[in-house]
Amino acid sequence: MKSGLEDVVAAETRLSDVDGAHGRLIIRGHSLDDLVGHSTYEDVIALLFDGYFASEADLPRALGKARSEVFAHLAVVDASLLALPPVDAMRALLARLPDGEDLPSALRLIAGPAVFTAGLIRLRQGLDVIAPDASMSHAADTLRMTHGTVPSPEQTAALDRYLMTVSDHGLNASTFASRVVASTQAGLTSSVLAALSALKGPLHGGAPGPVLDALDGVGSPDNASAWLEAALARGDRLMGFGHRVYRVRDPRADALKTAVRLLANGGAIDPARLALAEAVEAAALDLLKRKKPDRALDTNVEFYTALLLEALGFPRETFTCVFAMGRTSGWLAHAREQALTGRLIRPMSVYVGPSVAVAA
Ligand code: ACO
């Protein structure tokens, strides 16, 4: 029995392969490196949905229409919802979307995190919400609904690259949660809510906010080693490092590091912030190598996510919501893949509590 189910195979999937030994991520036969250079997030949704949902000739437009449909739900946001952490408020809004199994239901569940995150960010700042523009790409419209201005091509490309990068990733905790719920035939909204609840924890999708907290705590590059060493001495984990499956570098970290560099070249990232992050990364890798020489603990997706989303103007408390914008497509495809097997997921536990004598 392994309490983290490590190395346990619990599903057969055609969706993605996390090749931990070689540091590769394959999504439906394409390597992540190829996808991020040549596709859009909408292309990746179509790829993931192929064979699991009805095909749609104009998926960008259908997704835009779905954004317009879910926008009405922002009308219910009141002070009690705004007082919640954004990911919890977003979960409450997503829970308003009825359970279904078809493509329109799925697209509304992808649209929801984008529209709700943008709306919640503005409402928390005392600003009016901005209605979706169904003719724009998902990434561009998300930035426009968040900031009220049409984003630059570089900003749109950076968010699009991020959404693709996090779209699917094997049987991670949130995707497993999605499949467990789907196996009960509960419906897509229920699967996405379960997955989002798993994602929000700091050991999964809740890490990038704390990455920025660590950068702020370090303050300057020359303080990186001392600050991180003290954190490790306290028994803290260094956020943005380590992975259950990758034994070499997380390929998603590379994809996002490239996006961060492109934004930095365009002047969208303060060079001092980038220098601080690079110093923290180098010091953390050095310390983790010394702490665990037998176990390669490398940079994971969350480290450069933090810098990228900060540069795109998302408040750090909404980073998990932005992660969900991308990962929902994977959750939905996995949910359908599981539901189509018709098989309920129901493993066994080993009872280790006090026993009761069997009556003679
Ligand atoms: N900082 C310090 N030590 C670490 C870290 C880290 N980031 N990651 C692993 N270790 C250490 C552990 O303390 C453990 O040491 P021990 O054997 O002395 O107890 C050893 O390395 C092995 O760690 P495990 O917990 O077995 O590794 P696991 O595979 O379960 O953990 C995880 C993976 C949860 C991601 C872990 O590396 C971690 O906590 N990282 C920090 C949080 C983070 O960045 N999360 C985002 C992950 S990416 C994603 O989900 C999208």
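What to note about this one:
- Element breakdown for the range 1-73 at a 1.4 angstrom probe: carbon and sulfur atoms account for 49% of the accessible area.
- Entry note, the chain: the mean residue ellipticity at 222 nm calculated from DSSP H runs of n ≥ 4, each adding -39500 (n - 2.57), is -17500 deg cm²/dmol after division by the residues and rounding to the nearest 500.
- Magnitude of the charge dipole for the range 257-360, about its Cα centre and with charges confined to Cβ atoms of Lys, Arg (+1) and Asp, Glu (-1), is about 380 debye.
- Trypsin sites (Lys or Arg not before Pro) within the range 297-360: DSSP coil, no more than 15 neighbouring Cβ in 10 Å: 343
- Largest-first principal axis extents, alpha carbons of the range 36-186, Å: 42, 38, 26
- Taking the centroid of alpha carbons for each part, the range 211-288 and the range 45-112 are 32 Å apart.
- With the simple model of a label 7 Å out from the Cα in the direction of the Cβ, residue 21 to residue 95 spans 4.4 nm.
- Highest to lowest packing among 259-270, 109-120, scored as the average C-beta count within 10 Å: 109-120, 259-270
- Interchain or long-range residues, amide H under 5 Å from residue 24's placed H: 19
- Percent carbon-and-sulfur accessible area, the range 235-358, ignoring ligands, DNA and RNA, probe 1.4 Å: 55 percent
- Taking every alpha-carbon pair under 8 Å whose residues sit at least 6 apart, the range 165-213 reaches a relative contact order of 31 percent.
- The chain, relative contact order [Cα under 8 Å, separation at least 6], %: 25 percent
- Two-site label geometry, residue 7 and residue 270: point separation in nm, points 7 Å out along Cα→Cβ: 4.6 nm
- Taken along the Cα-to-beta-carbon direction at a fixed 7 Å, the label points for residue 294 and residue 84 span 4.4 nm.
- Taking packing as the residue-averaged number of other Cβ atoms within 10 angstrom, the listed peptides 145-157, 51-63, 164-176 run from highest to lowest as 164-176, 145-157, 51-63.
- Linear extension gain, residue 127 paired with residue 76, 0.36 nm per residue minus alpha-carbon span: 16.8 nm
- For the range 194-254, the solvent-accessible area works out to 45 Å² per residue, with a probe of 1.4 Å and every protein chain left in place.
- Probe 1.4 Å, accessible area per residue of the range 94-171, Å²: 34 Å²
The values are calculated or read from the model by the stated rules, or taken from the named source; none is laboratory data. What you see is a predicted model; the values in this text were computed from it and never measured. Counting neighbours? That spans all protein chains shown, and the Cβs are built from the backbone with ideal geometry, glycine included. SASA here: full protein model, heavy atoms, side chains in, ligands and nucleic acids out. Shrake-Rupley method; radii C 1.70, N 1.55, O 1.52, S 1.80 Å.
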